[in-house]
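Q: This is the structure I want to talk about, given as structure tokens.
The values are calculated or read from the model by the stated rules, or taken from the named source; none is laboratory data. Note that this is a predicted model, so its numbers are computed, not measured. Reconstructed Cβ throughout: ideal geometry from the backbone, glycine too, with neighbour counts over all protein chains shown. The accessibility values were calculated without ligands, DNA or RNA, using every heavy atom of the protein model including side chains. Shrake-Rupley method; radii C 1.70, N 1.55, O 1.52, S 1.80 Å.
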Amino acid sequence: MSRRWYGWHFLAEDRRLRYGAREVVEAGRTYHAEGPLRFCHNGMHASRRAIDALSYAPGPIACWVELRGEIITDTDKAVARERRVLWMADAMIVLHQFAVTVASDAMHLVEWVTGQPIDPRSWAALDVKERWLRGLATDKELAAAWVAARVAAWDAAGAAARVAAWDAARVAAWVAAWVA
């Protein structure tokens, strides 16, 4: 009996399969796997949720697929004997927009939880990225903003490490005094 399972699969920009024949994938075609099915080694893979498929994505080409035949499922993916590509699209811009949204939400959350403002260089980097997506910032401006945000993150990590070291030293002194 043949089973059917629908999900997401991502391809690299060249739209080629990653292993084996490395043929160019086309919507409407069915691709087959020979040999024993094994996660991450052999078979036609997909994930029910696009967010899960992204963790395995070699690139931005999003495919909505139907897995058929022998199918083995896991918590975030499945592997099957056959994968039919129902449709595909270049999701590069959408993925960049998603990344900006997630980063912005995370920074707002950090500010809300800690009560401390995020370094303005990080907010500026997101602003440049949004402008770059609309064609209003150059690659050079984006690269400079990325470097500035990275330095801001490094500075914050350094400050956090200094606070953690101070806290650890204070706790160690307290434990030593208590033991004495």
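Q: Within segment 100-122, which residues are closer than 18 Å to VAL147 by Cβ and either among the charged types (D, E, K, R) or surrounded by fewer than 16 Cβ atoms within 10 Å (Cβ to Cβ) (or both)?
A: ASP119, PRO120, ARG121, listed by residue number.
Q: For TRP64, all conditions in the list (1) closer than 18 Å to ALA89 by Cα; (2) open to solvent by less than 40 Å² (accessible area, probe 1.4 Å) hold save one; what is the number of the exception?
A: With respect to (1) closer than 18 Å to ALA89 by Cα; (2) open to solvent by less than 40 Å² (accessible area, probe 1.4 Å), TRP64 is out only on (2).
Q: While we're looking at this one, here's another question. For a quick check of your reading: which strands (runs of 3 or more DSSP E) sit entirely within segment 1-73 and have at least 1 residues that are in contact with a Pro (Cβ under 8 Å, 6 or more places away or on another chain)?
A: Values: elements: 3-11, 30-32, 44-46, 61-73.
Where strands (runs of 3 or more DSSP E) fall fully within segment 1-73 and carry at least 1 residues being in contact with a Pro (Cβ under 8 Å, 6 or more places away or on another chain), they are 3-11.
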